[in-house]
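The values are calculated or read from the model by the stated rules, or taken from the named source; none is laboratory data. Keep in mind it's a predicted model, so treat the numbers as computed, not measured. FYI the Cβ positions are ideal-geometry reconstructions off the backbone, even for glycines, and counts take in every protein chain you see. Calculation scope for accessible area: heavy atoms of the full protein, side chains included, ligands and nucleic acids excluded. Shrake-Rupley method; radii C 1.70, N 1.55, O 1.52, S 1.80 Å.
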Amino acid sequence: MSCRVAVLVSGRGSNLQSIIDKSKSREIDAEVAVVLSDNKEAFALARARKAGIEAHYIDPEVTKPVLIGNAEDNYINTLKEYKVDLVCLAGFMRIVKEKIIAEFKWKMMNIHPSLLPSFKGLHVQKKALDYGVRFAGATVHFVTGDVDGGPIILQAVVPVYQDDTEESLSSRILKEEHRIYPEAIDLFSKNKLKIKDNRVFIEGDDGK
Ligand code: GAR
């Protein structure tokens with residue numbers, strides 16, 4: 001049975017678009033059931049509606065970059081209403097706290113534009129350039145209370161070139177994000193992800 005996915009977004013929504021496209025073309029075993037945003041103006045909401053997917057702005061209520069209190073309850077209740085199997089944070093620029101994480105334990109993923117555990121937080125493509133790393137990339141991981149720190153599901157590596165700008169590196173990484181996020185969702189949907197001692201094992205794939 002196809003997995004029902006909620007995607008939480010704050011902005012542009014290009015990762016959302018790749019998840020929508022690959023679910024509609026049946027490249028992945030998933031269906032986007034609802035899109036929620038903490039930003040009324042998010043272009044991602046328009047992308048969802050254009051694809052015929054229900055999309056709601058839910059007031060985050062606080063200006064701090066965290067999802068807490070009433071707002072957190074409103075998100076949880078809406079996710080339950082839509083009976084989702086998996087919650088995907090895709091450019092959702094808020095820190096999620098214990099309550100929502102517990103509600104969706106091992107059923108919540110995030111994508112981050114760095115090779116975690118390197119470069120957590122914001123503006124990480126610039127941090128990678130400033131540090132002078134030769135390789136950068138993207139990570140899909142389960143969400144735990146450790147911000148940008150949960151068990152890693154998939155990663156993709158890209159080279160960093162001498163003449164890269166933040167924009168050129170970001171777009172090289174983004175292309176990989178669009179590939180690995182749907183792939184991680186598909187693995188989840190097919191029940192191929194097993195977590196043991198903070199590591200994710202992929203059934204039928206020994207990584208060699
Ligand atoms: C993506 O690069 C995603 O990895 C990043 O925000 C961008 C959203 O783009 N997320 C984070 O930095 C989370 N810490 P999109 O709205 O076009 O998918």
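Working only within region 115-132, note down all residues that are more than 12 Å from ILE173 (Cβ to Cβ) and either aliphatic (A, V, I, L, M) or modelled with pLDDT under 95 (or both).
LEU116, LEU122
List every residue pair whose Cβ atoms lie under 7 Å apart, where the two residues are 6 or more positions apart in sequence or sit on different chains, the first residue falls within region 40-54 and is free of Cβ contacts under 8 Å to residues at least 24 places away in the same chain, and the second residue, located anywhere, is open to solvent by 20 Å² or more (accessible area, probe 1.4 Å).
That search, which allows pairs on different chains as well, returns LYS40/TYR57.
Scan VAL84, VAL5, VAL66, VAL62 and give me the residue that is of a type in the set (Val, Ile, Thr), away from the ligand (no atom under 11 Å from the Cβ) and within 14 Å of the chain's Cα centre (by Cα).
Numbers: VAL84 fails: within 14 Å of the chain's Cα centre (by Cα); VAL66 fails: within 14 Å of the chain's Cα centre (by Cα); VAL62 fails: within 14 Å of the chain's Cα centre (by Cα).
Unique residue meeting the criteria: VAL5.
What tally of residues in region 129-149 results from selecting those that are more than 11 Å from the ligand (Cβ to nearest atom) and either surrounded by fewer than 18 Cβ atoms within 10 Å (Cβ to Cβ) or more than 15 Å from TYR181 (Cβ to Cβ) (or both)?
Final tally of qualifying residues: 12.
Name every residue in region 139-178 that is among the aliphatic types (A, V, I, L, M), within 20 Å of SER189 (Cβ to Cβ) and part of a strand (DSSP E or B), in order of residue number. Spell out the reasoning first.
In the first step, residues of region 139-178 are kept if they are among the aliphatic types (A, V, I, L, M); the result is 140, 143, 147, 152-154, 156-158, 160, 169, 173-174.
Still in the running and within 20 Å of SER189 (Cβ to Cβ): 140, 143, 152-154, 156.
Listed by number, the residues that qualify are VAL140, ILE152, ILE153, LEU154, ALA156.
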